[in-house]
Structure formats: structure tokens, C-alpha cells
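A.B. asks: My questions all concern the structure below.
The values are calculated or read from the model by the stated rules, or taken from the named source; none is laboratory data. All values reported here derive from a predicted model rather than from experimental measurement. FYI the Cβ positions are ideal-geometry reconstructions off the backbone, even for glycines, and counts take in every protein chain you see.
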């Protein structure tokens, strides 16, 4: 059941990634990071999804400043959800 929920979160994250790339949106980028982090909670294999986070940097339709903003927003959402869990395991 956990793997199914993680796969769903990963799929929703890919959808938001597509939305963020097609029409640059900080909200969609943050939701992308959140969904990828939630998927990583339930299914450690989903950590491979982090390789998709810098995807907006490869899209040449938008200026570099917009692409950097999207990638940073994704990392912000990812870190905001995953970092507390990682810190709770360390401390």
C-alpha cells in the first residue's frame, strides 16, 4: 500500500513538473518538490526522482533567471518536506 501511495505521489509530482516547465509557476515547482519528497518517504526507490528536479534548467524557452527560480523552488519544496525527516533520523 505504501508503494502505491508513493507511486501516486511520484506521478502527481511529474505532472506538476510538466506544468511548471510548460508555464513557469513557482507554486507548481514547489508542489513538484513536495510530491517527490512524499514519494521518497514511502518508497526509498523514489529518491531517484530527485534527478528530475533540475529539469527546468534544461528548458531553453525561458530565460536562465526563470529556470533557476523554478529549480530553486523545487528544491525548497523538496527540502521543506524531506529535511525534517532526515534530521529526526540523525538526531
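A.B. asks: Just the residues that are buried (at least 16 other Cβ atoms within 10 Å of the Cβ) and over 12 Å from the mean Cα position of the chain (by Cα), please, taken from segment 1-18.
C.D. replies: 6
A.B. asks: Residue 71: touching a helix residue (DSSP H, G or I) at 6+ places or on another chain (Cβ under 6 Å) and surrounded by 15 or more Cβ atoms within 10 Å (Cβ to Cβ), yes or no?
C.D. replies: yes
A.B. asks: Residue by residue through segment 19-37, note down the ones that are over 18 Å from residue 82 (Cα atoms) and either within 11 Å of the chain's Cα centre (by Cα) or surrounded by 17 or more Cβ atoms within 10 Å (Cβ to Cβ) (or both).
C.D. replies: Selection gives 20, 21, 24.
A.B. asks: Within segment 28-47, can you find the residues that are without any contact (Cβ under 8 Å) to a residue 12 or more places away in the chain and within 14 Å of residue 75 (Cα to Cα)? Outline the logic, then answer.
C.D. replies: Going residue by residue through segment 28-47, those that are without any contact (Cβ under 8 Å) to a residue 12 or more places away in the chain are 44-45, 47.
Once the filter is applied, which keeps residues that are without any contact (Cβ under 8 Å) to a residue 12 or more places away in the chain and within 14 Å of residue 75 (Cα to Cα), segment 28-47 yields only 47.
A.B. asks: Moving to a separate point now. Going by the conditions given, is residue 40 in contact with a helix residue (DSSP H, G or I) (Cβ under 9 Å, 6 or more places away or on another chain), modelled with pLDDT of 95 or more and part of a helix (DSSP H, G or I)?
C.D. replies: For residue 40, the condition - in contact with a helix residue (DSSP H, G or I) (Cβ under 9 Å, 6 or more places away or on another chain), modelled with pLDDT of 95 or more and part of a helix (DSSP H, G or I) - is not met.
A.B. asks: For segment 38-57: of the residues being over 13 Å from the mean Cα position of the chain (by Cα) and loosely packed, with under 14 Cβ neighbours inside 10 Å, which is nearest to residue 81 (Cα to Cα)?
C.D. replies: Taking the candidates together, the pick is 44.
A.B. asks: Same structure, new question: In segment 50-91, which residues are assigned to a loop (DSSP other than H, G, I, E, B) and farther than 17 Å from residue 18 by Cβ?
C.D. replies: The initial filter retains those residues of segment 50-91 that are assigned to a loop (DSSP other than H, G, I, E, B), namely 53-54, 59-63, 91.
Those that are assigned to a loop (DSSP other than H, G, I, E, B) and farther than 17 Å from residue 18 by Cβ: 63, 91.
A.B. asks: Sticking with this one: Give 47, 31 a once-over and let me know the one that is part of a helix (DSSP H, G or I) and modelled with pLDDT of 95 or more. Break it down stepwise before answering.
C.D. replies: Numbers: 47 fails: modelled with pLDDT of 95 or more.
Result of the check over 47, 31: 31.
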